Amino acid sequence: MSQFVGRFVIISALIAVVFLALGYLLVGQAGIRLSKFEQAQASHFANAKKEAPPLDEIVVTPCAQGACLLVQAGGREFIVGASSGAADGLLQKGLLTENLDGVILTDLSSSQIEGLIGIRDRSLEAGRKSMLKVYGPSGVERVIEGLNAMLETSDVDRSVRYGQGILPFDVAQAEAIIVDVNPENHNIFDSGVLQINAYPVQSTLMGAEVLYRFDYEEKSLIIGGCGARLVDVNTAKEGGAEQPMLVLPVASKAQLEIIREQAKKAGLSRESRFATAPVEHCLTPSGLGNLAGATQVSGVVASPLYPAPNSIAEQKIWKSEFQSETKNSNIDMFLGQIWDSRSVAN
């Protein structure tokens, strides 16, 4: 009997030791995971330190995979395009600040406006001191009216929870500025050193669309959407620098066709009709190269890219396609999601 009891005690002790060891192991693994998470967050916030842009340049930074560019010049900051993830993309780069002067929309498609909520709220959290100005074609006033109405309850709740001094309700909202009302006056912003002009796109088939020109220190930057064509760029060039930089979206017909075909093979024949429809009227790489040559711009940035490259392999596909289709162009051409104007001469 005593031997049985002794064995039972030994076995019980061994089981207890095993469970105790497993407990320590699990706790240790959780601790290791938390430690790795802490390291990742430290790296994330270290990379998000704010950088002052060069004082004599127009700096352009892609801030999301979709339509979103941060333009900095003369101490001013504008976001062009409010695609999904725009605010998070800027925050990760330390570029969404209290100094944001406004959001500029080339059109009112969902790809241009779906990130407005994030920009509106995150810029307020960053310390924005006045209502967020949103520039866009006719109809932008209805978009902003709906945006403010949708977030009114949230604005009140956040203002009460964090205090009027931190998130003041009276500046939480956005303010619409229609840019195509007066066809005789293209100027929509003038700080004395930075001027922004808006030009209605003539050739669009997708509703109101606008092309914008930023002028600073004898340099010009023209940014537009999928509908911009030769006549529109030439109109926007008038009165600016002789050889401006041009930024336009680009779509790959080959890659979009693959997306449609794979959707059909997966039994999503109905969905495949809409998967790529919004960007099918964008210029192709060869079309952009031809446009750049005809307008004699100093360089071209293709941004955003449709479909967006989500991996190094997809970036290589885009680079290969771009090189193949623009090999006869003598214009400097850059791929937006793989490019940052801070890394090249403007």
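Structural remarks
- Any hit, the stretch 155-166, residues being over 19 Å from residue 82 (Cα atoms), free of Cβ contacts under 8 Å to residues at least 60 places away in the same chain and among the hydroxyl-bearing types (Ser, Thr, Tyr): yes
- Residue 111 falls short on exactly one of the conditions (1) outside any helix (DSSP H, G or I); (2) closer than 22 Å to residue 226 by Cβ, and that condition is (1).
- Candidate set: the stretch 110-157, residues that are within 16 Å of residue 212 (Cβ to Cβ) and of a type in the set (Ser, Thr, Tyr); chosen: the one surrounded by the most Cβ atoms within 10 Å (Cβ to Cβ): 135
- Residues that are in a loop (DSSP other than H, G, I, E, B) and surrounded by fewer than 19 Cβ atoms within 10 Å (Cβ to Cβ) within the stretch 287-306 comprise 296, 298, listed in sequence order.
- Considered as a group, the residues in the stretch 56-102 that are in a loop (DSSP other than H, G, I, E, B), under 19 Å from residue 250 (Cα atoms) and polar (S, T, N, Q) include one that is modelled with the lowest pLDDT, and that residue is 65.
- Residue match in the stretch 261-278 (condition: within 30 Å of residue 217 (Cα to Cα) and in contact with a helix residue (DSSP H, G or I) (Cβ under 6 Å, 6 or more places away or on another chain)): no
- Every condition in (1) more than 16 Å from residue 79 (Cβ to Cβ); (2) at pLDDT 95 or above is met by residue 152 except one, and the failing one is (2).
- Residue match in the stretch 193-212 (condition: aromatic (Phe, Trp, Tyr), assigned to a helix (DSSP H, G or I) and under 22 Å from residue 67 (Cα atoms)): no
- Once the stretch 139-170 is narrowed to residues that are more than 25 Å from the chain's Cα centre (by Cα) and in a loop (DSSP other than H, G, I, E, B), the residue that is nearest to residue 110 (Cα to Cα) is 168.
- Restricting the stretch 213-242 to residues that are part of a loop (DSSP other than H, G, I, E, B) and touching a helix residue (DSSP H, G or I) at 6+ places or on another chain (Cβ under 9 Å) leaves a set whose member that is nearest to residue 277 (Cα to Cα) is 226.
- Applying a threshold of 7 Å to beta carbon distances and a minimum spacing of six or more residues, or different chains, the list of pairs starting in the stretch 309-325 at a residue that is without any contact (Cβ under 8 Å) to a residue 12 or more places away in the chain and ending at one that is of a type in the set (Ser, Thr, Tyr) and surrounded by fewer than 16 Cβ atoms within 10 Å (Cβ to Cβ) is empty.
- Here the condition is being modelled with pLDDT of 90 or more, farther than 25 Å from residue 58 by Cβ and surrounded by 15 or more Cβ atoms within 10 Å (Cβ to Cβ); of 284, 276, it holds for 284 alone.
- Annotation: residue 128 fulfils all but one of (1) modelled with pLDDT under 90; (2) assigned to a loop (DSSP other than H, G, I, E, B); (3) not hydroxyl-bearing (Ser, Thr, Tyr); the unmet one is (1).
- Test: residue in the stretch 171-180 that is assigned to a helix (DSSP H, G or I) and at pLDDT below 95: yes
- Residue check, residue 105 more than 21 Å from residue 193 (Cα to Cα), touching a Phe, Trp or Tyr at 6+ places or on another chain (Cβ under 7 Å), crowded, with 22+ Cβ neighbours inside 10 Å and at pLDDT 95 or above: yes
- The number of residues in the stretch 84-117 that are out of contact with any Gly (no Cβ under 6 Å at 6 or more places or on another chain) and either aliphatic (A, V, I, L, M) or over 25 Å from residue 74 (Cα atoms) (or both) comes to 15.
The values are calculated or read from the model by the stated rules, or taken from the named source; none is laboratory data. Bear in mind that the values here come from a model prediction, so they are computed numbers and not experimental data. Reconstructed Cβ throughout: ideal geometry from the backbone, glycine too, with neighbour counts over all protein chains shown.
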